[in-house]
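First comes the structure, then the notes that go with it.
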Amino acid sequence: MSEIHSTQRVAVLADSQNLYHSAQTMYTRNIDYAAMLEAAVAGRELTRAIAYVVRADADDEESFFDALTDIGFETRIKPIRTFADGSKKANWDVGMSLDAVTLANHVDTIVLCTGDGDFVRLTRHLQHEGVRVEVTCFEESTAESLIEAADDFTDMSADTDRFLL
């Protein structure tokens, strides 16, 4: 297992929907994206930071998107889809995975800010390609299989004063 070095090139990929729902469900609070990004980078060289967000036509979402950009995230925005039965869906798993695979040749470490167990296979693939994979999320809402697969796990629940607004 590789270790952290200040010369490592890092990409941070944030699954905003997963983070939002976890923070709201467990703490009724919002994520401090600046603190999360700082912790994920951990003094290394930030190559890319991408936040995957959903446009749901909420009142304050444009200011949220702008704030992410100001912090240093690129935003990938997908509109929410409403189906005939009234259900809604917006999922960035494939987009995040494609970006991670594309970035793998340009970075030493990818930090996945999500608790979604669907990223276990991606994690193993990236590691096979020689990329260190770290996961940052709330332990209670993170798939155990993802924690086990990652080279390192940052539990945002362990320091809510830092990671939540």
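The values are calculated or read from the model by the stated rules, or taken from the named source; none is laboratory data. Remember, it's a predicted structure, so these values are computed and weren't measured experimentally. Heads up, the Cβs are rebuilt from the backbone with ideal geometry, glycines too, and the neighbour counts pull from every protein chain shown. In case anyone asks, the SASA skips ligands and DNA or RNA and just uses the protein heavy atoms, side chains included. Shrake-Rupley method; radii C 1.70, N 1.55, O 1.52, S 1.80 Å.
Descriptive notes on the structure:
- Subset tally (residues that are at pLDDT 90 or above and open to solvent by less than 70 Å² (accessible area, probe 1.4 Å)) for the stretch 54-72: 6
- Failed condition for residue 29, given (1) outside any loop (DSSP other than H, G, I, E, B); (2) surrounded by fewer than 19 Cβ atoms within 10 Å (Cβ to Cβ): (1)
- Near pairs, Cβ below 9 angstrom, 6+ apart or cross-chain, from the stretch 101-114 (in a strand (DSSP E or B)) to any residue that is charged (D, E, K, R) and buried (at least 22 other Cβ atoms within 10 Å of the Cβ): 112/15; 113/15
- When residues of the stretch 32-44 are limited to those that are of a type in the set (Gly, Ala, Ser) and open to solvent by 30 Å² or more (accessible area, probe 1.4 Å), the one farthest from residue 161 (Cα to Cα): 43
- Residue check, residue 99 open to solvent by less than 80 Å² (accessible area, probe 1.4 Å), under 15 Å from the mean Cα position of the chain (by Cα) and over 23 Å from residue 45 (Cβ atoms): no
- Matching residues in the stretch 6-26 - criterion: being under 22 Å from residue 102 (Cβ atoms), open to solvent by 50 Å² or more (accessible area, probe 1.4 Å) and in a helix (DSSP H, G or I): 17
- Residue ID - most open to solvent (accessible area, probe 1.4 Å), chosen from residues in the stretch 78-87 that are in a strand (DSSP E or B) and in contact (Cβ under 8 Å) with a residue 24 or more places away in the chain: 79
Residue-wise test of (1) assigned to a helix (DSSP H, G or I); (2) surrounded by 14 or more Cβ atoms within 10 Å (Cβ to Cβ); (3) hydroxyl-bearing (Ser, Thr, Tyr); (4) free of Cβ contacts under 8 Å to residues at least 60 places away in the same chain.
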{"position": "120", "(1), (2), (3), (4)": "yes, yes, no, yes"}
{"position": "124", "(1), (2), (3), (4)": "yes, no, no, yes"}
{"position": "130", "(1), (2), (3), (4)": "no, no, no, yes"}
{"position": "133", "(1), (2), (3), (4)": "no, yes, no, yes"}
{"position": "136", "(1), (2), (3), (4)": "no, yes, yes, no"}
{"position": "140", "(1), (2), (3), (4)": "yes, no, no, no"}
{"position": "147", "(1), (2), (3), (4)": "yes, yes, no, yes"}
{"position": "158", "(1), (2), (3), (4)": "yes, no, no, yes"}
{"position": "162", "(1), (2), (3), (4)": "yes, no, no, no"}
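- Evaluating residue 75 against the criteria (1) assigned to a loop (DSSP other than H, G, I, E, B); (2) modelled with pLDDT of 95 or more; (3) of a type outside the set (A, V, I, L, M) leaves one unmet condition, (1).
- Pairing residues of the stretch 51-66 that are outside any strand (DSSP E or B) with residues that are open to solvent by 50 Å² or more (accessible area, probe 1.4 Å), at Cβ distances under 6 Å and at least 6 apart in sequence or on separate chains, gives 56/80.
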